[in-house]
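Enquirer: I am attaching a structure below and will ask some questions about it afterwards.
Only the coordinates and a few stated rules stand behind these numbers; no lab work does. What you are looking at is a predicted structure, and each value in this text was computed from that prediction instead of being measured. A quick note on method: Cβ atoms are made from the backbone with ideal geometry, for glycine too, and the neighbour counts reach across all protein chains shown.
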Amino acid sequence: MQTINRLADLRKAVAGLKNGGKTLALVPTMGALHEGHLTLVREAKARADAVAASIFVNPRQFGPNEDLDAYPRQLAADAALLEAEGCDLLWAPTVEAMYPEGYATSISVSGVSEGACGGSRPGHFDGVATVVCKLFHQVLPDVALFGEKDWQQLAVIRRMARDLDLTRPSADDIIGVPTVREADGLALSSRNRYLSEADRARAAALPKAMKAAIAAIEGGAEVAPTLHALEGALIDAGFSSVDYADLRDAETLAELFVLGERPARLLVAARIGGTRLIDNMGVGRPWRFAI
């Protein structure tokens with residue numbers, strides 16, 4: 001596996017991988033890799049002849065007083081994991097390489113970025129859209145894979161690709177991979193390592209409360225009181241606060257107050273022990289980003 005941190009070297013390496021008509025998949029990450037990321041790499045290998053992964057802790061998607069400085073960085077360990085999975089290329093740019101002096105461009109995607117994490121983390125999705133667009137132009141992948149745990153992020157990236165007429169990859173080649181979970185249902189996340197042993201045990205209340213709310217809504221319960229009860233269950237379980245608990249259209253991310261015929265998602269963000277956890281699950285008719 002090649003590990004590269006200069007754009008000129010990346011372009012040479014990508015050209016080399018694509019010689020002979022090979023297809024290339026990209027798995028963008030911020031590092032601190034876990035089984036969820038490795039699942040993306042395995043899916044990428046099944047969909048393309050070669051796989052590139054990126055590791056970049058993107059400062060533009062962190063707001064004031066968020067955990068940019070504390071976010072775990074373990075490049076050597078992450079590189080070893082990727083190499084063991086058969087990844088062909090690791091793109092690990094510096095902040096200066098990604099945002100050189102004088103950098104002045106940002107991408108904003110309205111609609112799907114509004115509310116949920118977009119409401120509680122202003123500017124977050126501008127940073128996500130900007131860095132992912134740059135990664136697409138740098139690596140020129142035929143397909144890119146993202147975890148469905150960040151459902152709103154996935155919707156933003158697909159909307160950006162469609163609106164900007166991107167072809168490497170096209171919007172239809174941005175693939176969502178189902179969330180990987182621990183045995184107790186908690187979604188895998190790099191931030192889970194922030195949790196104390198006691199808070200980690202309490203955190204299992206999040207998927208449990210979400211499943212209970214989904215069963216109630218699918219059974220005909222009113223949405224607003226059900227979501228209010230979900231928030232109360234999390235507080236009772238030891239969460240300090242709930243940023244949001246929303247029922248939203250699975251594609252447009254429009255907030256829903258009744259469950260209709262279209263597929264929906266329950267999106268939740270809550271804080272426990274100083275750590276912000278997010279999760280989402282399907283509600284009603286099944287529907288996924290993956291094609």
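Enquirer: Let's test the formula: R0 of 35 Å, r as the Cβ-Cβ distance of THR252 and ARG11. What FRET efficiency results, to the nearest 0.05?
Expert: Computed FRET efficiency for THR252 and ARG11: 0.45.
Enquirer: Here is a follow-up. Check cross-link reach from LYS211 to the aspartates and glutamates: straight Cα distance under 12 Å, and skip same-chain residues fewer than eight apart.
Expert: List returned: ASP279.
Enquirer: Further question: How about region 2-79: which trypsin sites (Lys or Arg not before Pro) there lie in a loop by DSSP and see at most 15 other Cβ atoms within 10 Å? Please report the intermediate quantities before stating the final value.
Expert: On the way: sites: ARG6, ARG11, LYS12, LYS18, LYS22, ARG42, LYS45, ARG47, ARG60, ARG73; in loops: ARG6, LYS22, ARG73.
Those that pass, being in a loop and sparsely packed, are ARG6, LYS22, ARG73.
Enquirer: Evaluate Rg over Rh across region 48-175, taking Cα atoms for both radii and Kirkwood's formula for Rh.
Expert: 0.95
Enquirer: Which of the GluC sites (Glu not before Pro) found in region 232-291 are in a DSSP loop and have at most 10 neighbouring Cβ atoms, other than their own, within 10 Å?
Expert: When the GluC sites (Glu not before Pro) of region 232-291 are filtered for loop state and at most 10 Cβ neighbours within 10 Å, GLU261 remain.
Enquirer: Please identify every one of the GluC sites (Glu not before Pro) in region 95-140 that sits in a loop by DSSP and has no more than 11 other beta carbons within 10 Å of its own beta carbon.
Expert: When the GluC sites (Glu not before Pro) of region 95-140 are filtered for loop state and at most 11 Cβ neighbours within 10 Å, GLU101 remain.
Enquirer: With axes computed from alpha carbons, what is the tilt in degrees of helix 35-47 against the longest principal axis of the chain, rounded to the nearest 10 within 0 to 90?
Expert: The answer is roughly 60 degrees.
Enquirer: Next up: Any chance you could give the angle, 0 to 90 degrees and rounded to 10, that helix 151-163 forms with the longest Cα principal axis of the chain?
Expert: 50 degrees
Enquirer: Angle between the Cα long axis of helix 223-237 and the longest principal axis of the chain, 0 to 90 degrees, nearest 10?
Expert: The helix 223-237 is inclined about 80 degrees to the chain.
Enquirer: How much mean residue ellipticity at 222 nm does the chain get from its helices, if each DSSP H run of length 4 or more adds -39500 (n - 2.57) and you divide by all residues, to the nearest 500 deg cm²/dmol?
Expert: -11000 deg cm²/dmol
Enquirer: By how many nm would the segment from ARG47 to ALA224 grow when fully extended, if each residue of separation counts as 0.36 nm and the alpha-carbon distance is taken off?
Expert: Contour length minus the Cα-Cα distance gives 59.7 nm.
Enquirer: Taking a 20 Å limit on the Cα-Cα distance, which of the listed pairs LYS149/LYS208; LYS45/LYS134; LYS18/LYS149; LYS18/LYS45 fall beyond it?
Expert: Details: LYS149/LYS208 16 Å; LYS45/LYS134 22 Å; LYS18/LYS149 30 Å; LYS18/LYS45 15 Å.
Beyond 20 Å between Cα atoms: LYS45/LYS134; LYS18/LYS149.
Enquirer: Which FRET efficiency value, to the nearest 0.05, is calculated for ALA77 and ILE235 with the Förster distance at 25 angstrom and r the Cβ-Cβ distance?
Expert: Efficiency, rounded to the nearest 0.05: 0.10.
Enquirer: When the chain is treated as a GNM, springs tying every alpha-carbon pair under 10 Å, which of GLY63, GLY86, GLY102 comes out with the largest mean-square fluctuation?
Expert: It is GLY102.
Enquirer: Using label points projected 7 Å from each Cα along Cα→Cβ, tell me how many nm separate GLU182 and LEU164, to one decimal.
Expert: Between GLU182 and LEU164, the simple spin-label model gives 3.6 nm.
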